[in-house]
1. Quick check on my filter: what residues within the stretch B:76-88 are under 31 Å from the mean Cα position of the chain (by Cα) and either of a type in the set (S, T, N, Q) or more than 7 Å from chain A (Cβ to nearest Cβ) (or both)?
2. Determine the pairs where a residue that is in contact (Cβ under 8 Å) with a residue 40 or more places away in the chain, located within the stretch B:478-490, has a partner that is of a type in the set (D, E, K, R) and open to solvent by 50 Å² or more (accessible area, probe 1.4 Å) with Cβ atoms under 8 Å apart, the partner being 6 or more residues away or on another chain.
3. Mind counting the residues in the stretch B:629-643 that are in contact with a helix residue (DSSP H, G or I) (Cβ under 9 Å, 6 or more places away or on another chain) and within 17 Å of B:V517 (Cα to Cα)?
4. Would you mind telling me which numbered condition in (1) farther than 27 Å from B:G564 by Cβ; (2) crowded, with 19+ Cβ neighbours inside 10 Å B:A698 fails?
5. Scan the stretch B:244-262 and tell me whether some residue there is open to solvent by less than 20 Å² (accessible area, probe 1.4 Å), assigned to a helix (DSSP H, G or I) and touching a residue at least 60 places away in the same chain (Cβ under 8 Å).
6. Of all residues in the stretch B:544-558 being more than 50 Å from the chain's Cα centre (by Cα) and crowded, with 17+ Cβ neighbours inside 10 Å, which is modelled with the lowest pLDDT?
7. Look through the stretch B:2-23, keep the residues that are over 12 Å from the mean Cα position of the chain (by Cα) and touching a residue at least 40 places away in the same chain (Cβ under 8 Å), and return whichever of them is least open to solvent (accessible area, probe 1.4 Å).
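The values are calculated or read from the model by the stated rules, or taken from the named source; none is laboratory data. Since this is a predicted model, take the numbers as computed values, not measurements. For neighbour counting, all protein chains shown are included, and Cβ atoms are generated from backbone atoms with ideal geometry for every residue, glycine included. SASA here: full protein model, heavy atoms, side chains in, ligands and nucleic acids out. Shrake-Rupley method; radii C 1.70, N 1.55, O 1.52, S 1.80 Å.
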Amino acid sequence: MSDFTPLSSFAGGTLIGVAAALLLVANGRIAGISGIVGGLLRKPSADTPWRALFVAGLLAGGLVVQSMRPAAIGPSVVGYPLLVTAGLLVGFGTQLGSGCTSGHGVCGIGRLSPRSMVATATFMLAGAVTTYVLRHLLGGGS
Amino acid sequence: MSGLVAFVSGLLFALGLGVGGMTQPSKVLAFLDVAGDWDPSLAFVLGGALLVYFLVGRVALAWPRPLFDDTFHVPTRRDVDGRLVLGSVLFGAGWGLAGYCPGPALVSLASGRATVFVFVAAMLAGMWIFQRWNARTPAAATLRPATAASLVALSVLAGAQSGDGAPPGVSAGMREQMLVDGGWLASRVDQPGLVVLHVGKSREAYDRAHVPGARFVAFGGVAKSRGPIPNEMPSAGELTALARRLGITGEPDERIVIYGEDEGLLAARVFVALDALGLAGNAALLDGQWAGWQAEGRPVTTEVPAVAASSVAPRPRPERIASLAAVADLARRATGSPDAPVALVDARPRAQCDGSEAGDGVPRPGHVAGAVSAFWKEDLQSGGVPRLRPADELRALRGARRRAGRRGGRVLPDRRAGVVHLSTTAGAHCACDGASRPVLVAPRRVRRIEVPSVNAAFLLKLSLSGTFVASVLYVHFRGRERLSFQRQLTDHSTFLAPLNVLLYFFSNVPARPILDVKDFPELAPLRENWTTIRDEARRLYEAGHVRASERYDDLGFNSFFRKGWKRFYLKWYGAPLPSARDLCPKTVELVESIPSIHGAMFTLIEPKGKVGGHRDPFAGSVRYHLGLITPNHDDCCIWIDGERYSWRDGEDLLFDETYLHRFQNMTDQPRIIFFADVERPIGNPVVRGLNRWLIRHAVGLTATKNVEGEKIGFANKVFGVVYRIRLPLKRLKQANRTAYYALKYGALAAALYALLFAGSGVLR
């Protein structure tokens with residue numbers, strides 16, 4: 001029931017690319033969200049300020065999106081038990097696998113890193129399998 | 001500065017996620033659900049991001065260091081280990097469960113939804129758990145794959161189980177409040193503050209008998225036909241007049257009980273009408289309706305009560321009538337999460353819902369996409385009297401519908417969500433069941449379903465502008481020396497930035513200011529014959545042919561002339577000039593023998609001449625200099641992106657003239673060189689073709705003359721005219737800088753606004 005939006009999605013992707021490229025060109029940093037957030041959970045270091053500012057920018061951007069196009073931030077499609085499970089998996093998994101959609105998917109593949117290509121293929125596949133199991137085998141979720 | 005960049009990067013990142021659709025879990029899952037109704041949009045997000053990042057990264061990572069840091073902090077590991085794969089499996093599983101990955105989840109916090117906060121808290125907890133675990137585990141150790149796999153499987157099952165469980169219990173309080181039985185009503189018919197409403201299609205049955213004290217409401221008073229569309233809700237004004245006639249006061253101690261002559265549609269309709277007025281807070285339906293009252297042998301009367309009209313001033317609640325636009329949107333987003341604002345319920349008979357039967361006045365059979373069938377009569381007990389089923393039966397029924405809906409890819413909400421009823425009638429049933437608060441679709445707009453769509457034109461412009469801004473930033477930050485930001489804003493290199501960036505990316509020469517002449521072997525004959533060229537240049541110079549333009553007809557070099565720069569054109573993006581053929585035939589012949597040279601001239605810098613930092617606008621060529629008659633002194637030199645070069649007789653130089661460069665001649669001798677534009681070698685055939693097309697058709701417009709009568713390019717003709725307009729503006733700048741800049745940036749802003757927003761209103 002989701003609409004195919006190649007245009008806006010591509011535009012959004014371009015923006016993400018610009019954002020990540022900006023961080024690379026200016027600060028020499030990788031815009032990997034899980035790495036940045038995970039770094040904030042550790043003891044404060046010299047990297048803490050820019051990480052905090054990046055996350056602040058992310059949150060501020062969320063407010064901009066919310067105020068300009070509230071429908072762009074969709075509701076959760078699952079209940080609390082699944083949300084908690086998913087959150088734990090995403091948190092643990094991104095730290096163990098040292099990256100998520102942004103760090104591996106954009107910045108890693110963008111640098112032609114074999115690690116990131118394997119990671120991206122793996123989490124895409126795992127995501128697709130999970131969705132398949134939930135939606136088509138168990139008939140739940142959705 | 002780097003902090004600001006981090007913030008801006010985060011901000012842009014969030015906007016990109018929002019625009020791209022990553023912050024809609026339903027869309028993310030529709031992308032991952034390749035076996036279902038696959039929505040490949042997010043591949044476009046990844047594609048767009050990769051395209052930009054790959055191109056920029058390829059160039060940037062060749063730099064010695066980033067702009068604001070001493071080194072690139074880029075992962076260097078290339079090995080694939082178990083941790084990477086396992087971590088990605090776990091992350092992917094979590095992603096597939098809820099549709100959130102870290103970035104979009106953080107961005108979605110702005111929606112204020114409790115669900116997102118819960119997810120982010122769990123995610124942070126997961127990260128924290130990893131860090132605790134990792135600190136204790138030797139780095140070499142890895143989680144056993146089997147353990148991890150079972151963890152995933154367990155999580156999935158646990159989540160699926162919990163998601164599949166019975167809906168939360170029905171609130172008994174709600175049922176009591178909104179549904180009263182005959183006994184309850186019979187014991188209160190005399191009480192003040194009780195308003196009993198008898199709903200019928202005509203007054204006939206009411207006149208025969210009704211509940212004591214009941215006031216008659218005609219169905220036509222709450223459902224109107226307008227044109228071909230039946231059952232339209234009357235206006236708030238009409239409904240208010242009706243409520244006043246019925247003596248409804250809206251006081252807190254008032255209690256309204258509604259019953260109808262049918263199985264519930266009539267009474268439900270009045271309930272919903274009152275709800276739209278904001279007066280349903282104290283209203284209830286009579287379980288069993290008029291039929292039940294009679295079957296129970298309760299007292300009836302023919303007496304019509306004397307009703308004092310009220311002066312109630314209701315506060316209508318238009319949100320109780322969902323617009324069709326909203327329904328169309330919901331039809332796409334109907335979900336069963338705690339966040340789901342509503343779900344769509346089609347309460348009409350199943351046969352009408354599945355389209356096998358049309359129903360009265362329904363122009364098109366079928367149901368709104370995404371709606372779950374829940375025929376309202378199924379909520380009633382079997383038998384003659386239309387009583388609502390007991391709560392436990394309703395709960396089971398709703399569970400069954402939920403499962404059926406889910407099989408169809410649709411979900412019936414639990415009681416925390418509102419429900420849009422696509423039948424004008426049965427919402428109240430659901431309401432008094434405590435399952436949901438009814439919202440009625442306004443039939444008025446059935447004919448005009450407008451699917452809210454992203455304004456594609458606006459987004460296209462936005463991404464084009466984004467590309468433009470990114471190109472300008474790239475051009476601005478390319479190299480070590482740069483123009484002041486303010487000057488860059490209006491510099492010509494800004495306007496050609498997107499084109500130049502394209503040419504840079506496909507360029508076969510390295511991205512550095514000074515290039516190697518050896519990479520261009522076709523230029524060797526020039527260097528070998530430099531004395532021949534020099535002799536012709538000297539004759540020209542001595543005859544006074546190398547000079548500045550006397551009029552405003554040389555756009556490309558206009559500002560140089562005041563600073564001691566002169567030239568004699570041999571060829572400028574077209575055939576050689578006739579004067580050049582006459583005066584220096586050998587040089588022209590040499591130039592003609594090298595096809596990659598599109599422009600050539602002799603240039604001179606007077607003693608003490610000096611031209612400040614500038615970029616050439618067009619990256620389709622690189623610049624060749626051959627020293628002819630030079631001071632051979634370091635005080636006569638050019639800086640290209642900060643690298644200094646001084647001309648020497650017979651020596652040549654090749655450089656990328658789109659880097660910032662400046663030159664001066666601080667000696668007492670003029671400097672004369674041969675100057676040429678050499679086509680930039682480009683790998684990609686399409687981009688090379690584009691560049692050649694531009695060289696042939698666009699750059700030639702800046703051609704101009706050495707002597708009277710030679711051809712002047714179109715751009716220079718225009719320039720001559722435009723410059724006459726610029727002269728008063730220059731006077732304004734001298735008189736009042738503030739006014740000049742206000743005008744300049746105002747015009748720029750207006751142009752930008754027009755570009756972004758013109759036509760959007762029409763297209764929207």
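1. B:S88
2. B:T490/B:K744
3. Looking only at the stretch B:629-643, we keep the residues that are in contact with a helix residue (DSSP H, G or I) (Cβ under 9 Å, 6 or more places away or on another chain), and these are B:629.
In the following step, the residues that additionally are within 17 Å of B:V517 (Cα to Cα) were identified as none.
So the count comes out to 0.
4. If we test B:A698 against (1) farther than 27 Å from B:G564 by Cβ; (2) crowded, with 19+ Cβ neighbours inside 10 Å, just (2) comes out false.
5. Within the stretch B:244-262, the first condition is being open to solvent by less than 20 Å² (accessible area, probe 1.4 Å), and the residues that meet it are B:246-248, B:254, B:256-260.
Those still in the list that are assigned to a helix (DSSP H, G or I) too: none.
The answer is no; no qualifying residue exists.
6. So the first thing to find is which residues in the stretch B:544-558 are more than 50 Å from the chain's Cα centre (by Cα), and the list is B:544-548, B:550.
Of the ones still in play, those that are also crowded, with 17+ Cβ neighbours inside 10 Å are B:545-546, B:548.
Details: B:H545: 80, B:V546: 79, B:A548: 72.
Ranking the candidates gives B:A548 first.
7. As a first pass, look at the stretch B:2-23 and keep what is over 12 Å from the mean Cα position of the chain (by Cα): B:2-11.
Subsequent filtering for residues that are touching a residue at least 40 places away in the same chain (Cβ under 8 Å) retains B:2, B:5.
Working: B:S2: 44, B:V5: 13 Å².
The residue in question is B:V5.
Residue by residue, here is whether (1) in a helix (DSSP H, G or I); (2) touching a helix residue (DSSP H, G or I) at 6+ places or on another chain (Cβ under 6 Å); (3) crowded, with 18+ Cβ neighbours inside 10 Å holds:
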{"residue": "B:A470", "(1), (2), (3)": "yes, yes, yes"}
{"residue": "B:Y474", "(1), (2), (3)": "yes, yes, yes"}
{"residue": "B:R480", "(1), (2), (3)": "no, no, no"}
{"residue": "B:Q488", "(1), (2), (3)": "yes, yes, yes"}
{"residue": "B:T494", "(1), (2), (3)": "yes, yes, yes"}
{"residue": "B:L499", "(1), (2), (3)": "yes, no, yes"}
{"residue": "B:Y504", "(1), (2), (3)": "yes, no, yes"}
{"residue": "B:R512", "(1), (2), (3)": "no, no, no"}
